[in-house]
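Q: Pasting a structure here, questions to come.
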Amino acid sequence: MDQSAENWELIIVDDGSIDDTKIVVRGYLNDERIICYYQRNAGVSAARNKGVELSKGDYIIFLDSDDRISPSLISTLNKINYQKYDLICWQVSKLLDGKTSILKPRRLEKIYNNMTATFLSGSICYRKNVVLEAGGFDPRMSFGENYELGMRIGEIPNLKIRTIAEPLLEYRFPLERESNSYTNRLNSYLHLYQKHLEKFEEDKISHSRMNYLLGYIHEKTGSNEKAFKYFKEAFKISNRNYKAFLKFIYFIIFRR
């Protein structure tokens, strides 16, 4: 942990890795603030929940192994007196194909209670009790688990949220990460959709977008009939979803 501040602990949850993680981590365990817990592979959500269980502090930041937080992150949180807030979010420096762009916390959709936040791993600090009150991560989610948790956190009343106008996370877009596979995305999105169907039905924009995403993934996996069905439904829900409309027309002309 290359941090300018000293008030932190690092919990490494090794979720059944088969690489040299154990060897690499071993050299850091002489620092009493760092612990490593090994478990049989149970998925990213189970690993995050285990990290919460093992944590001693009252605030949590989740970080994927291929992303990097700024050395000034903890000191920045100290300066704003982070204990006054339930969620603290910051900007993200996103790296994709050698190009950098800045992602900012934004006003989210109705299914998130329109809060201004970002739930990308490494871009948010949670009060631990907020994570616990929301029920922790859903073990059935292997993709999009952070935002699914965010939907449930949005149900908690009177949240105190602070945003920081500074990029404090370097996010490497996970093009080849196993969790980013179309199979994982499809299974997670279908579970998410069924679990929160009532919420989606109350939010036309998010509902249409979810159907478009399901159509897109089905198209990528060769399930054209299902893809057409979801694209059609996406446009039916919101006739402002022009991407869904174009896909709907494309399928009628070229794929059916």
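Taken together, the values in this text are just the output of simple stated rules run on the coordinates, not laboratory data. Source: prediction; values computed, not measured. Cβ: placed from backbone, ideal geometry, glycine included. Neighbour counts: every protein chain shown.
Q: What residue, among those in segment 90-123 that are among the charged types (D, E, K, R) and either in contact with a Ser or Thr (Cβ under 8 Å, 6 or more places away or on another chain) or within 27 Å of Ser208 (Cα to Cα) (or both), is surrounded by the most Cβ atoms within 10 Å (Cβ to Cβ)?
A: Step one: of segment 90-123, the residues among the charged types (D, E, K, R) are 94, 97, 99, 104, 106-107, 109-110.
With the extra rule that they be either in contact with a Ser or Thr (Cβ under 8 Å, 6 or more places away or on another chain) or within 27 Å of Ser208 (Cα to Cα) (or both), the set shrinks to 94, 104, 106-107, 109-110.
Details: Lys94: 17, Lys104: 14, Arg106: 12, Arg107: 9, Glu109: 19, Lys110: 15.
So, considering only residues that are among the charged types (D, E, K, R) and either in contact with a Ser or Thr (Cβ under 8 Å, 6 or more places away or on another chain) or within 27 Å of Ser208 (Cα to Cα) (or both), the one surrounded by the most Cβ atoms within 10 Å (Cβ to Cβ) is Glu109.
Q: So which residues in segment 19-52 are surrounded by 11 or more Cβ atoms within 10 Å (Cβ to Cβ) and among the small types (Gly, Ala, Ser)?
A: Ala42, Gly43, Ser45, Ala46, Ala47, Gly51
Q: Any chance segment 238-247 includes a residue that's among the small types (Gly, Ala, Ser), part of a helix (DSSP H, G or I), more than 18 Å from the chain's Cα centre (by Cα) and over 23 Å from Tyr112 (Cα atoms)?
A: Here is the first cut: in segment 238-247, the ones among the small types (Gly, Ala, Ser) are 238, 244.
Imposing the further condition that a residue be part of a helix (DSSP H, G or I) reduces the set to 244.
Now drop any that are not more than 18 Å from the chain's Cα centre (by Cα), which leaves 244.
Checking which are over 23 Å from Tyr112 (Cα atoms) leaves us with none.
No, every residue in segment 238-247 fails to be among the small types (Gly, Ala, Ser), part of a helix (DSSP H, G or I), more than 18 Å from the chain's Cα centre (by Cα) and over 23 Å from Tyr112 (Cα atoms).
Q: Take the residues of segment 197-207 that are surrounded by fewer than 22 Cβ atoms within 10 Å (Cβ to Cβ) and without any contact (Cβ under 8 Å) to a residue 60 or more places away in the chain: which is farthest from Arg255 (Cα to Cα)? Break it down stepwise before answering.
A: Just the residues of segment 197-207 that are surrounded by fewer than 22 Cβ atoms within 10 Å (Cβ to Cβ), to begin with: 197-199, 201-206.
Next cut, without any contact (Cβ under 8 Å) to a residue 60 or more places away in the chain only: 197-198, 201, 204.
Details: Leu197: 29, Glu198: 32, Glu201: 29, Lys204: 27 Å.
Across segment 197-207, the extreme among qualifying residues is Glu198.
Q: Quick one: in segment 137-152, which of the residues that are touching a residue at least 40 places away in the same chain (Cβ under 8 Å) and closer than 16 Å to Pro105 by Cα is farthest from the chain's Cα centre (by Cα)?
A: First, pick out the residues of segment 137-152 that are touching a residue at least 40 places away in the same chain (Cβ under 8 Å): 137-146, 148, 150-151.
Cutting the leftovers down to closer than 16 Å to Pro105 by Cα gives us 146, 150-151.
Working: Asn146: 3, Gly150: 8, Met151: 11 Å.
The qualifying residue farthest from the chain's Cα centre (by Cα) is Met151.
Q: A further question follows. Would you pick out the residues in segment 53-86 that are aliphatic (A, V, I, L, M) and either surrounded by fewer than 16 Cβ atoms within 10 Å (Cβ to Cβ) or outside any helix (DSSP H, G or I) (or both)? It would help to see each step written out before you state the result.
A: Applying the first criterion (aliphatic (A, V, I, L, M)) to segment 53-86 yields 54, 60-61, 63, 69, 73-74, 77, 80.
Those that are aliphatic (A, V, I, L, M) and either surrounded by fewer than 16 Cβ atoms within 10 Å (Cβ to Cβ) or outside any helix (DSSP H, G or I) (or both): Leu54, Ile60, Ile61, Leu63, Ile69, Ile80.
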